[in-house]
Amino acid sequence: MSNFDGIFDFVIGSEGGFTDNPADPGNWTGGRIGAGECRGTRFGISAGARPDLDIANLTLDQAKLIYQSEYWDRIDGDRLPASIALLVFDAAINNGIGHAVRWLQQAALVAQDGVIGPATLTAINTMVAKPDGTAELCAELLAQRLVFMTSLPTWKSFGLGWARRLFRLPYGPVQLHLER
């Protein structure tokens, strides 16, 4: 059974509607301030990541298809425990798939190759089977992400919002009544 729909609904609440703040590098088609056109971000889909997409007119259904194929499927979300899938999915969207998977692998104490394969899945399942294993894995993943985010030059402008997003995540499984 897939937790995608519930997790998508939870995460999209952090993404919001349309914004075209020129101080956000993701709003620019070139991926950095002043590079290309400032077309904005909608539902977390940015002009920087998708420069050929009509961001202003993107529908929620279109965004959901992008989230499933370009993020959920690439992190193998259906094979991860739900609470872990939520954190990795959110990190992949906000910070990139490579970072998200490597943070998960670092937390699971496996080689950080950026691919969720059999070794990563085995390590995760072994950890979550231990008492407090899920909490420890989640805490380490969030800690790695926080350290990265605070090092970004845009932390001063966007850090409070990002911090709120991170601190909201642990409540997702409770609100969503996720399985596993």
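General observations
- Subset of region 96-112 that is surrounded by fewer than 17 Cβ atoms within 10 Å (Cβ to Cβ) and within 20 Å of GLU70 (Cβ to Cβ) - its residue that is modelled with the lowest pLDDT: GLY96
- When VAL88, VAL115 are checked against the criterion of being under 15 Å from CYS138 (Cα atoms) and either assigned to a helix (DSSP H, G or I) or out of contact with any Lys or Arg (no Cβ under 6 Å at 6 or more places or on another chain) (or both), VAL88 stands alone in meeting it.
- Any hit, region 144-154, residues being in contact (Cβ under 8 Å) with a residue 60 or more places away in the chain and either surrounded by fewer than 19 Cβ atoms within 10 Å (Cβ to Cβ) or assigned to a helix (DSSP H, G or I) (or both): yes
- Each residue in region 81-95 was checked for being within 10 Å of the chain's Cα centre (by Cα) and surrounded by 21 or more Cβ atoms within 10 Å (Cβ to Cβ), and 9 of them qualify.
- Residues located in region 4-45, provided they are crowded, with 18+ Cβ neighbours inside 10 Å, at pLDDT 90 or above and either hydroxyl-bearing (Ser, Thr, Tyr) or part of a loop (DSSP other than H, G, I, E, B) (or both): THR29, ARG39, GLY40, THR41, PHE43
- Positions within region 22-38 being touching a Lys or Arg at 6+ places or on another chain (Cβ under 8 Å) and either of a type in the set (Gly, Ala, Ser) or more than 17 Å from PRO153 (Cα to Cα) (or both), in sequence order: THR29
- Residue in region 116-124 that is without any contact (Cβ under 8 Å) to a residue 12 or more places away in the chain and hydroxyl-bearing (Ser, Thr, Tyr) present: yes
- Flag for LEU137 being touching a Pro at 6+ places or on another chain (Cβ under 8 Å), over 17 Å from ASN3 (Cα atoms) and surrounded by 15 or more Cβ atoms within 10 Å (Cβ to Cβ): no
- Residues (touching a Ser or Thr at 6+ places or on another chain (Cβ under 7 Å) and either buried (at least 21 other Cβ atoms within 10 Å of the Cβ) or part of a helix (DSSP H, G or I) (or both)) located in region 49-80: ILE55, ASP78
- Residue check for ALA63: in contact with a Phe, Trp or Tyr (Cβ under 8 Å, 6 or more places away or on another chain) and aliphatic (A, V, I, L, M): yes
The values are calculated or read from the model by the stated rules, or taken from the named source; none is laboratory data. This one's a predicted model, so the numbers in the text were calculated from it and none came from an experiment. Glycine also receives a Cβ, built like all others from the backbone with ideal geometry; neighbour counts cover every protein chain displayed.
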